[in-house]
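Visitor: This is the structure I want to talk about, given as structure tokens.
The values are calculated or read from the model by the stated rules, or taken from the named source; none is laboratory data. Keep in mind that what you see is a predicted model, and the values were worked out from it rather than measured. All Cβ positions, glycine included, derive from the backbone under ideal geometry; neighbour counts span all protein chains shown.
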Amino acid sequence: MFEETVIQGVFLTCLREITDHRGSVLHLMRRDDELFKGFGEVYFSEVFPGKYKAWKKHIRQTQNVAVPRGRIRLVLFDARDGSATRGTLLELELGRPDRYFRVTIPPGIWYGFANIGDAPALLVNCVDFPHDPSESMVTDTIDQNMNYSWESVIHDS
């Protein structure tokens with residue numbers, strides 16, 4: 001079951017985790033999932049404690065991210081022309097055991113993430129198209145009016 005967030009087209013899905021005395025099986029996505037758009041690739045992004053990776057936006061690729069290990073603050077910003085939620089910022093805390101969710105991020109949304117834990121964290125991303133550097137944008141700052149401080153996220157954790 002998924003729910004739309006305060007940003008149009010961004011969905012939060014509670015993920016299944018099957019745990020016993022040997023360990024856990026962590027679900028991410030199935031091809032019969034209602035939000036599945038196609039398979040391009042799956043990759044992991046490791047973030048060290050006190051570090052962040054921001055900002056990135058894809059032009060046509062849909063992101064499906066979850067955090068199977070560690071604790072991450074995921075921040076999204078809607079700068080899409082014509083979007084009903086243009087200018088909206090969304091902060092989500094992700095990680096096990098209590099925040100194991102998949103966040104589906106449509107094309108055109110800026111995003112970044114910071115490790116707010118005390119051990120390396122892994123973010124897994126299942127995307128609908130293979131990586132193509134020409135369809136993404138990376139910047140240190142998105143919008144001067146947004147005034148988001150990654151340094152304050154790192155120091156507050």
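Visitor: Tell me which residues, restricted to segment 1-17, are of a type in the set (A, V, I, L, M), over 19 Å from Ala84 (Cβ atoms) and at pLDDT 95 or above.
Guide: So the first thing to find is which residues in segment 1-17 are of a type in the set (A, V, I, L, M), and the list is 1, 6-7, 10, 12, 15.
Subsequent filtering for residues that are over 19 Å from Ala84 (Cβ atoms) retains 1, 15.
Selection gives Leu15 alone.
Visitor: Now a separate question. List every residue pair whose Cβ atoms sit under 7 Å apart, with the two residues 6 or more apart in sequence or on different chains, where the first one lies in segment 16-39 and is closer than 14 Å to Phe2 by Cα and in contact (Cβ under 8 Å) with a residue 24 or more places away in the chain and the second, anywhere, is small (Gly, Ala, Ser) and in a strand (DSSP E or B).
Guide: Going by the 7 Å Cβ cut-off, the qualifying pairs are Leu28/Ala66.
Visitor: Taking the criterion of being of a type in the set (Val, Ile, Thr) and assigned to a strand (DSSP E or B), would at least one residue in segment 129-150 satisfy it? Please lay out each step first, then the result.
Guide: The initial filter retains those residues of segment 129-150 that are of a type in the set (Val, Ile, Thr), namely 138-139, 141-142.
Subset that is assigned to a strand (DSSP E or B): 138.
Yes, there is a match, as at least one residue in segment 129-150 is of a type in the set (Val, Ile, Thr) and assigned to a strand (DSSP E or B).
Visitor: So in segment 113-128, with the set limited to residues that are within 10 Å of the chain's Cα centre (by Cα) and farther than 20 Å from Ser152 by Cβ, which one is surrounded by the most Cβ atoms within 10 Å (Cβ to Cβ)? Give the steps one after another, and end with the answer.
Guide: Within segment 113-128, the subset within 10 Å of the chain's Cα centre (by Cα) is 113, 123-125.
Filter once more, so that each one left must be farther than 20 Å from Ser152 by Cβ: 123-125.
Numbers: Leu123: 24, Val124: 18, Asn125: 18.
The extreme case among them is Leu123.
Visitor: Suppose we filter Val124, Val153 for residues that are assigned to a helix (DSSP H, G or I) and either in contact with a helix residue (DSSP H, G or I) (Cβ under 9 Å, 6 or more places away or on another chain) or touching a residue at least 24 places away in the same chain (Cβ under 8 Å) (or both); which single one remains?
Guide: Val153
Visitor: Next up: Can you tell me which of Lys53, Lys57, Lys37 is charged (D, E, K, R), in a loop (DSSP other than H, G, I, E, B) and within 24 Å of Ser134 (Cβ to Cβ)?
Guide: None of the other options fit; the residue is Lys37.
Visitor: For segment 42-91: of the residues being farther than 18 Å from Leu12 by Cα and touching a helix residue (DSSP H, G or I) at 6+ places or on another chain (Cβ under 7 Å), which is surrounded by the most Cβ atoms within 10 Å (Cβ to Cβ)?
Guide: His58
Visitor: I'd like the residue in segment 75-94 that is assigned to a strand (DSSP E or B) and touching a residue at least 40 places away in the same chain (Cβ under 8 Å) and, out of all such residues, is farthest from Asn147 (Cα to Cα).
Guide: Selected residue: Leu92.
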